[in-house]
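Values quoted throughout were computed directly from the atomic coordinates according to the rules given, and no laboratory measurement underlies them. From a predicted model like this one, the values you see are computed outputs, not experimental measurements. Positions of Cβ are generated from backbone atoms using ideal geometry, with glycine treated the same way; all protein chains shown enter the neighbour counts.
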Amino acid sequence: MDAEGFPFTLISDPDRTVGRAYDAERAEGEPYYEYGLPRRISYLISPEGTVAKAYDLEGQDLAQHAAEIIADITALKQG
């Protein structure tokens, strides 16, 4: 656990390597590109450590997104 009490690791990506690898880097012409902000994307990681599903949150309702992830986790657990 870190100083903030998060039970997970936070990363910094100043050179945008991770953002590029996970297709979160905005392309020129996209909103907020000029500020260097990544797209808001969630990833569901399988127990094997692979990306099971990616969710682009642009314009999405976050409560609906949470419900979708919970349903997808349930389905992933059931195989």
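Can you give the local net charge around L44? Use residues other than it whose beta-carbon is closer than 10 angstrom to its beta-carbon, Lys and Arg +1, Asp and Glu -1.
Spelling it out: positives minus negatives among the neighbours equals -1.
Hey, for a label at D23 modelled as a point 7 Å past Cα toward Cβ, could you say which residues of segment 42-79 have their backbone N under 13 Å away?
Residues 42-44, 51-57 fall inside that zone.
Compute the acute angle (0 to 90°) between the alpha-carbon long axis of helix 62-78 and the principal axis of greatest extent of the alpha-carbon atoms of the chain; round to the nearest 10°.
Helix 62-78 and the main axis of the chain meet at about 50 degrees.
Work out the length of the dipole vector of the chain about its Cα centre, built from +1 on the beta-carbon of each Lys and Arg and -1 on the beta-carbon of each Asp and Glu, and round it to the nearest 20 debye.
240
For Cα extents along the principal axes in Å, the listed values are (i) 42, 32, 23; (ii) 61, 26, 19; (iii) 56, 26, 21; which was obtained by calculation from the structure presented?
Of the labelled values, this structure produces (i).
What number, in percent, do you get for the relative contact order of the chain if the mean sequence gap of Cα pairs under 8 Å and at least 6 apart is divided by its residue count?
In percent, rounded to a whole number, it is 15.
Out of T9, T50, G29, whose Cα points farthest toward the positive end of the dipole of the chain (charges: +1 Lys, Arg; -1 Asp, Glu; placed on Cβ)?
T50
Counting other Cβ atoms within 10 Å, which trypsin sites (Lys or Arg not before Pro) in segment 36-79 have at most 15 and lie in a DSSP loop?
Taking segment 36-79 and a limit of 15 other Cβ atoms within 10 Å, the loop trypsin sites (Lys or Arg not before Pro) found are R40.
Return the sequence-ordered ³J(HN,Hα) values of segment 9-18 in whole Hz as given by the Karplus equation 6.51 cos²θ - 1.76 cosθ + 1.60 applied to θ = phi - 60°, using x for Gly and Pro.
8, 9, 10, 10, 9, x, 9, 6, 5, 5
Residues with amide H under 5 Å of K53's amide H, sequence separation 5 or more or different chain, H placed in the peptide plane at 1.01 Å from N; which?
Under 5 Å from the amide H of K53: L44.
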